[in-house]
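Worksheet for the structure shown next.
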Ligand SMILES: C[S@@+](CC[C@H](N)C(=O)[O-])C[C@H]1O[C@@H](n2cnc3c(N)ncnc32)[C@H](O)[C@@H]1O
């Protein structure tokens, strides 16, 4: 099973950098605050960040008291930025796909992943691998593109009126799971769609207890300031999950 490494594509990398430099991006306004609201007490904890990108979250985990952080990413270009802009003796950046977690022998107290698991085809294997790399009572906390977003086979997401206001979301093909080729920054970016129930059942079948799920939406003030955020009235962009490794259940170490 091969993994697409789109962040090492120069055109995509440049476009993504531009997107992320926007202080009013959905990452900054919606996703990050929700992700960190799910963080347990990180003081003295070991953390693994899957798909760490520029390493911004890795630094934040240290600021919140984490003892050490491993940031893992398939993209050498993203890690080059991480090593330049977000380095610390307590952060180890590893250039590896999260599909090869079995090559990591350490276990962790918390595994985070921000907006990266929708790039993974085999979610069952990923969740089992994460379970195996967590200490008992440890947390898997991740955000992903919302299943209502990943569902579509085309890029025809919205119906708008003549004033360009969002009227409704064009949900299609929700029940067909699997690969989606999207036009996001460049053509042919591969993501994977899974239904909400698949995600929940995979986590619980593996032995995780789901403590909280979030589908965050910006407040009215943000919607007034940036009208594009009014789309959240109809559909959330992100799904976030906080799951705990159930101490009384063992999936068995398969490393
Ligand atoms: C949307 S970015 C998010 C970066 C970072 N987590 C953040 O929130 O700022 C997704 C990241 O996932 C990484 N990624 C995609 N597929 C991956 C894989 N198979 N293994 C590890 N990282 C992967 C990409 O290279 C990219 O850095």
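The values are calculated or read from the model by the stated rules, or taken from the named source; none is laboratory data. Treat the numbers as computed from the prediction; the structure is a model and nothing was measured. Don't worry about glycine lacking a Cβ; one is built from the backbone with ideal geometry, like all the others, and counts go over all protein chains shown.
For the condition touching a residue at least 60 places away in the same chain (Cβ under 8 Å), out of contact with any helix residue (DSSP H, G or I) (no Cβ under 6 Å at 6 or more places or on another chain) and either crowded, with 21+ Cβ neighbours inside 10 Å or part of a helix (DSSP H, G or I) (or both), residue 34 qualifies. Counting the residues of the range 163-193 that are more than 20 Å from residue 120 (Cβ to Cβ) and either in a strand (DSSP E or B) or modelled with pLDDT under 95 (or both) gives 9.
Of all residues in the range 73-92, those that are farther than 11 Å from residue 59 by Cα have Cβ atoms under 7 Å from Cβ atoms of residues that are within 8 Å of the ligand (Cβ to nearest atom) and modelled with pLDDT under 95, 6 or more apart or on another chain, in 74/3.
Picking from 90, 86, which residue would you name as being farther than 26 Å from residue 192 by Cα, more than 9 Å from the ligand (Cβ to nearest atom) and crowded, with 20+ Cβ neighbours inside 10 Å?
Every option except 86 fails the conditions.
Out of 15, 65, report the one residue that is surrounded by fewer than 19 Cβ atoms within 10 Å (Cβ to Cβ), at positive phi, in contact (Cβ under 8 Å) with a residue 12 or more places away in the chain and more than 11 Å from the ligand (Cβ to nearest atom). Before the answer, list the steps.
On the way: 15 fails: at positive phi.
Every option except 65 fails the conditions.
Checked against the criteria, residue 97 does not count as under 21 Å from the mean Cα position of the chain (by Cα) and either under 24 Å from residue 230 (Cβ atoms) or without any contact (Cβ under 8 Å) to a residue 12 or more places away in the chain (or both). Checked against (1) within 10 Å of the ligand (Cβ to nearest atom); (2) at pLDDT 95 or above; (3) out of contact with any strand residue (DSSP E or B) (no Cβ under 9 Å at 6 or more places or on another chain), residue 32 passes all but a single condition, namely (3).
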